[in-house]
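First up is the structure itself, then whatever we jot down about it.
The values are calculated or read from the model by the stated rules, or taken from the named source; none is laboratory data. Being a predicted model, the structure only gives us computed values, none of them experimental. Using ideal geometry, Cβ is built from the backbone for each residue, glycine included, and neighbour counts are taken over all protein chains shown.
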Amino acid sequence: MKKILIVVDMQHDFVDGSLGTKEAQAILPAVNELIASGKFDDVYFTFDTHYPDYPETAEGKKLPVPHCIYGTEGWALATETSPADEAHIAVKNTFGYTGWAEKLGGAEETESITVIGLCTDICVVSNALILKALFPEIPIFCDASCCAGTTPEAHRAALSVMKSCQIDVINE
């Protein structure tokens, strides 16, 4: 049985770039420690990915701050550890990655899935809810100590939503 860790959008633009926050910077050591802990059989990384036409997209019109433009320093991971290989990367151009069923394979081999990263109230909660919908019988955890939201209030609200949807929030 596998324990899986999903690291959501720990990219420079969300840590110390155009959308970075002091809260995101503060969790980076804990994120690096958890990734390197050896507690997980597989570690997957999502990459929020946009292109130069970002301002013309639906998201760009509502959030007019260019970020995570493919190939830029802001798109790169801010973590000390990189994905093991291409199979452990989930490139997405929206909040939640919709290919988890194919990426993770059958649920029969998965003991648990833990989700961490940025931003709690946007991409972390989106991915956690997708995972819960795809794998309702697998325990899904969100390690709050390794997440940061767009604001502390939004972070807490997203944790509350996850709890309401039977995602186990740990290390608050």
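So Glu108 fits all but one of (1) assigned to a loop (DSSP other than H, G, I, E, B); (2) among the acidic types (Asp, Glu); (3) free of Cβ contacts under 8 Å to residues at least 24 places away in the same chain; what number is the exception?
Failed condition: (1).
With respect to the numbered conditions (1) within 21 Å of Lys132 (Cβ to Cβ); (2) in contact with a strand residue (DSSP E or B) (Cβ under 8 Å, 6 or more places away or on another chain); (3) not small (Gly, Ala, Ser), which one is the sole condition not fulfilled by Tyr51?
It fails just one condition, (1).
What's the number of the only condition in (1) acidic (Asp, Glu); (2) crowded, with 18+ Cβ neighbours inside 10 Å; (3) assigned to a loop (DSSP other than H, G, I, E, B) that Glu80 fails to meet?
Failing condition for Glu80: (2).
Show the residue pairs meeting these rules: Cβ distance below 6 Å; 6+ apart or different chains; first residue within region 140-167 and under 10 Å from Val124 (Cα atoms) and touching a residue at least 40 places away in the same chain (Cβ under 8 Å); second residue outside any helix (DSSP H, G or I) and among the β-branched types (Val, Ile, Thr).
Partner pairs satisfying both residue conditions: Cys147/Ile116.
Scan region 13-40 for residues that are free of Cβ contacts under 8 Å to residues at least 24 places away in the same chain and of a type in the set (Asp, Glu) and jot them down.
Result: Glu33, single match.
Across region 146-172, what is the number of residues that are outside any helix (DSSP H, G or I) and of a type in the set (Gly, Ala, Ser)?
Total satisfying the criteria: 2.
Would you list the helices (runs of 4 or more DSSP H) that sit entirely within region 1-68 and hold 2 or more residues that are crowded, with 18+ Cβ neighbours inside 10 Å?
12-15, 22-36
In region 70-111, which residue that is hydroxyl-bearing (Ser, Thr, Tyr) and closer than 28 Å to Gln25 by Cβ is modelled with the lowest pLDDT?
Ser82
Return the total of residues in region 127-138 being part of a helix (DSSP H, G or I) and either under 14 Å from Phe47 (Cα atoms) or in contact with an Asp or Glu (Cβ under 8 Å, 6 or more places away or on another chain) (or both).
1
Is it true that Glu137 is under 17 Å from Asp9 (Cα atoms), over 12 Å from the mean Cα position of the chain (by Cα) and exposed (fewer than 14 other Cβ atoms within 10 Å of the Cβ)?
In short, no.
Among Asp143, Asp121, which is assigned to a helix (DSSP H, G or I) and of a type outside the set (S, T, N, Q)?
Asp121
Okay, residues lined up against (1) among the hydrophobic types (A, V, I, L, M, F, W, C); (2) in contact with a Ser or Thr (Cβ under 9 Å, 6 or more places away or on another chain):
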site	(1), (2)
Glu23	no, yes
Pro29	no, no
Phe40	yes, yes
Pro52	no, no
Cys68	yes, yes
Ala78	yes, no
Pro83	no, no
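Restricting attention to region 84-91, does a residue exist that is touching a helix residue (DSSP H, G or I) at 6+ places or on another chain (Cβ under 8 Å), surrounded by 15 or more Cβ atoms within 10 Å (Cβ to Cβ) and not in a strand (DSSP E or B)?
no
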